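For reference, the structure discussed in these notes is given below.
The values are calculated or read from the model by the stated rules, or taken from the named source; none is laboratory data. If you're wondering where the values come from, they're calculated on a predicted model, not measured in any experiment. Heads up, the Cβs are rebuilt from the backbone with ideal geometry, glycines too, and the neighbour counts pull from every protein chain shown.
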Amino acid sequence: MPKRNVRTRTVQFRDQNVTFRRADGTITPRSSPIAELLQAASATLWLNNQENGQRGATIYHEANLSAWFCPVKALARRVASILSSGVDESTPLSFVQPGVHVQPRDITNIVKFAGVPAESIFPVGTGPEVPRLGAIALN
C-alpha cells in the first residue's frame, strides 16, 4: 500500500480484478473452494489504471504443471487467502492481515533467498549475482 499522503495513479491489483477460467473457457468464481481454484487453466488480471494513465489493460497467465511455480496456482492461493479472511473484494492482493501487506522489500528478500541455491549451480562468474537480484530483475 502506498504511504499516506503519497499520490499515485497506480491502483493495486485487487481481488475483484482477477478472473479464473477452466480449460473450456468458462469462468470459475473467485468464491469457489481453493481446490477448484487450483484447477483453473488460466487467470486474467485486469488493470484498473497504470502509472502511464492507460486503463483497462489485462495480464493473462496460463497454468503450468508446477505445483508451486505456477502463476495461476499462486494467484488462486492468494485470492483464497484473502477471501477466507472475510474482507471486501476490493482488498488489494498484497493483503496478509489487517494492517499488514506484502511490501517490495518482502519480494526482494524472497527473490534473493531463491537465488542463493542458483549461485551454487552455475560455474563461477556465470550465474546470477545474488546481491543484485530483486523484483526488477524478474522483468
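Kindly check whether there is at least one residue in region 51-63 that is modelled with pLDDT of 85 or more and of a type in the set (K, R).
Among the residues of region 51-63, not one is modelled with pLDDT of 85 or more and of a type in the set (K, R), which makes the answer no.
If you take the residues in region 13-44 that are part of a helix (DSSP H, G or I) and surrounded by fewer than 17 Cβ atoms within 10 Å (Cβ to Cβ), which one is nearest to the chain's Cα centre (by Cα)?
Filtering region 13-44 down to residues part of a helix (DSSP H, G or I) leaves 15-17, 34-37.
Next cut, surrounded by fewer than 17 Cβ atoms within 10 Å (Cβ to Cβ) only: 16, 34-36.
Values: Q16: 14, I34: 16, A35: 18, E36: 18 Å.
The extreme case among them is Q16.
With respect to V87, determine if the residue is β-branched (V, I, T) and at pLDDT below 85.
Numbers: β-branched (V, I, T): yes; at pLDDT below 85: no.
In short, no.
Looking at region 85-111, I want the residues that are farther than 24 Å from P33 by Cβ and have a partner that is assigned to a helix (DSSP H, G or I) with Cβ atoms under 8 Å, at least 6 apart or on another chain. Which pairs are those?
V111/A137; V111/L138
Can you name the number of the only condition in (1) exposed (fewer than 10 other Cβ atoms within 10 Å of the Cβ); (2) hydroxyl-bearing (S, T, Y); (3) not assigned by TED's automatic domain parsing to the domain that holds Q12 that S94 fails?
Answer for S94: the failing condition is (1).
Kindly provide the set of residues from region 53-84 that are among the β-branched types (V, I, T) and in contact (Cβ under 8 Å) with a residue 40 or more places away in the chain, ordered by number. Let's see the steps before the verdict.
To start, the set of residues in region 53-84 that are among the β-branched types (V, I, T) comprises 58-59, 72, 79, 82.
Scanning region 53-84 gives V72, V79, I82.
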